[in-house]
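The values are calculated or read from the model by the stated rules, or taken from the named source; none is laboratory data. Because the structure is a prediction, the values reported are computed rather than measured. In this analysis, Cβ positions are derived from the backbone assuming ideal geometry, glycine residues included, and neighbour counts consider all displayed protein chains.
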Amino acid sequence: MVASVAEILSDEAIRQIRTRIRRWGQKHFQDYPWRRTDDPYAGLIAEILLQRTRAQAVVSVYREFMNRFPSPEHLALAPEQEIGEVLYPLGLSWRVPLMAALGKRLAELGEIPRDYEKLLELPGIGPYTAAAWLSFHGGRRGVLIDSNIVRWICRLVGKTDCDGETRRKKWLRDAVERLTPRRGVKAFNYALLDFTMTVCTPGEPHCETCPLGADLCVTGKTRLQAKGT
Ligand code: SF4
């Protein structure tokens, strides 16, 4: 009989997964400049630049952006052409008017709201960016769901029929909600992003070196047994 998601992700399994992901993250932390800032505005800019873009490509653009527009007030006064010049290396010119509108809105507000629903009202901020900013820069809990995390959870519970709609499914959202801790969420979420980017990768996952392996991951168990490891 095939085990259900709830049976696979028992309370004990959830505890083990969190612990191992956290430990892995301590050893493999990816040190990007926006991970060291305590400026909430800089963190929000980074999260927007990271949308649909690899982190390594964002580093130099982030530095230049913060150099030219170090505060919402600077961004609010900047011509769109200048914002476009800075963002040009990343492509995706749709970000330019959103950034300009965001600068104006933040300058009006005077601070970034630490509330998920209010964040969603800001230009350029969607569910993922709001959750990421809250957990990394807002001192609040945020539950991350991106394509890497969806792929990881599908493998974890042995689902092979996941597709672009899976992130909206209740079972998936419930699973991420349960896996995301209430304490230490910043370190856990950073670890999870790095882990799903470098270990449980698209294509061939690296089950042999994965901290979850056969005892906590249905797909890992199958793959490692097939390889006789
Ligand atoms: S064991 Fe393999 S499939 Fe499972 S989480 Fe680790 S890398 Fe991904």
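Take the residues in the range 24-81 that are aliphatic (A, V, I, L, M) and outside any helix (DSSP H, G or I), then tell me which one is nearest to the chain's Cα centre (by Cα).
Among residues in the range 24-81 that are aliphatic (A, V, I, L, M) and outside any helix (DSSP H, G or I), the one nearest to the chain's Cα centre (by Cα) is Leu50.
Kindly indicate the residue of the range 191-211 that is more than 16 Å from Gln26 (Cα to Cα) and within 8 Å of the ligand (Cβ to nearest atom) and also surrounded by the fewest Cβ atoms within 10 Å (Cβ to Cβ) among those meeting that condition.
His206
Going through the range 7-53 one residue at a time, which ones are within 30 Å of Arg95 (Cα to Cα) and charged (D, E, K, R)?
If the condition is that a residue be within 30 Å of Arg95 (Cα to Cα) and charged (D, E, K, R), then Asp31, Arg35, Arg36, Asp38, Asp39, Glu47, Arg52 are the ones that fit.
On the given criteria, is Asp215 within 14 Å of the chain's Cα centre (by Cα) and either of a type in the set (Asp, Glu) or assigned to a loop (DSSP other than H, G, I, E, B) (or both)?
no
Inside the range 87-190, counting only helices (runs of 4 or more DSSP H) that do not spill past its ends, which hold 3 or more residues that are assigned by TED's automatic domain parsing to the domain that holds Leu216?
147-157, 170-179
May I ask you to list the residues in the range 219-229 that are touching a residue at least 40 places away in the same chain (Cβ under 8 Å) and near the ligand (Cβ under 8 Å from one of its atoms)?
Answer for the range 219-229, where residues must be touching a residue at least 40 places away in the same chain (Cβ under 8 Å) and near the ligand (Cβ under 8 Å from one of its atoms): Thr219, Gly220.
Against the definition (farther than 26 Å from Ile112 by Cβ, more than 16 Å from the ligand (Cβ to nearest atom) and not β-branched (Val, Ile, Thr)), how does Asp163 come out, yes or no?
It is true that Asp163 is farther than 26 Å from Ile112 by Cβ, more than 16 Å from the ligand (Cβ to nearest atom) and not β-branched (Val, Ile, Thr).
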